[in-house]
1. State in Å² the accessible area per residue of region 21-66; use a 1.4 Å probe, count heavy atoms of protein chains only, and round to the nearest integer.
2. Got a sec? Charge dipole of the chain, +1 on Cβ for Lys and Arg, -1 for Asp and Glu; which of Pro27, Leu158, Val13 is way out at the positive end?
3. Would you mind working out the magnitude of the charge dipole of region 1-148 relative to its Cα centre, with +1 at each Lys and Arg C-beta and -1 at each Asp and Glu C-beta, to the nearest 20 Debye?
4. Going by accessible area, probe 1.4 Å, with all protein chains left in place, what is the ranking of Val88, Val162, largest first?
5. To the nearest 500 deg cm²/dmol, what mean residue ellipticity at 222 nm is calculated for the chain from DSSP H runs of n ≥ 4 alone, each contributing -39,500 (n - 2.57), summed and divided by the residues?
6. For region 6-162, what are Rg and Dmax over the alpha carbons, in angstrom?
7. What accessible area, in Å² to the nearest ten, does a 1.4 Å probe give for Asp108?
8. Given a 10 angstrom Cα cut-off, can you work out which residue in Leu142, Leu97, Leu60 is the most mobile in a GNM of the chain?
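The values are calculated or read from the model by the stated rules, or taken from the named source; none is laboratory data. As the structure is a prediction and not an experimental result, all values here were calculated from the model. Cβ sites come from the backbone with ideal geometry, for glycine too, and all protein chains shown count toward neighbours. Surface accessibility is based on the protein's heavy atoms, side chains included, excluding ligands, DNA and RNA. Shrake-Rupley method; radii C 1.70, N 1.55, O 1.52, S 1.80 Å.
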Amino acid sequence: MNSKGFTLIELIVVIVILGILAATAAPKFINLKAEAQTSTLEGVKATMQGAAALLHTKSLVKGNQKQPTGTINIGDGGGFSNNGEIFVRYGYPFAKLSDWQRLIKLDDNFSYLVVNSTSENTLIIYRSENAQPTSFDDPCMLYYQVASDENSLPTFTLNECV
């Protein structure tokens, strides 16, 4: 009898090979953790952009949006030293850690790093579970750089998680 088809052993071998391929290849294609971390940083970025825009609006009302340094009162008391004042550069917040912690509230899943701390030019926010960034090209971080002059905007740069 000449029947054309696959034997049971051939079918089992094919199923085993497909199972091995699925077990090794699927995790590489389905990396939901990195996408979820990137999405949370995108939310932080949007929150920071909104806070900076609101602060800039207050700066426009006060009239100090063209000055390299100034302050805006956000009405929160701000502790003992600054009585609710936030330091601004051309109407946008400095990259001062204590000011940003008052502007936005983040949980313990995020850590902060200030670069060029004498002029407070750059604030980095990264996932606490990741290593502290050592360059602006490191993955899974967001960094804020202050406005360089009255005709420029601050920059919010997000490096996606991998």
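1. Value returned for region 21-66: 64 Å² of accessible area per residue.
2. Most positive-ward Cα: Leu158.
3. 360 debye
4. Numbers: Val88 0, Val162 140 Å².
In descending accessible area the options line up as Val162, Val88.
5. Calculated mean residue ellipticity at 222 nm is -12500 deg cm²/dmol.
6. Answer for region 6-162, Rg first and Dmax second: 22.8, 83 Å.
7. 140 Å²
8. With Cα springs under 10 Å in the chain, the top fluctuation among Leu142, Leu97, Leu60 is at Leu60.
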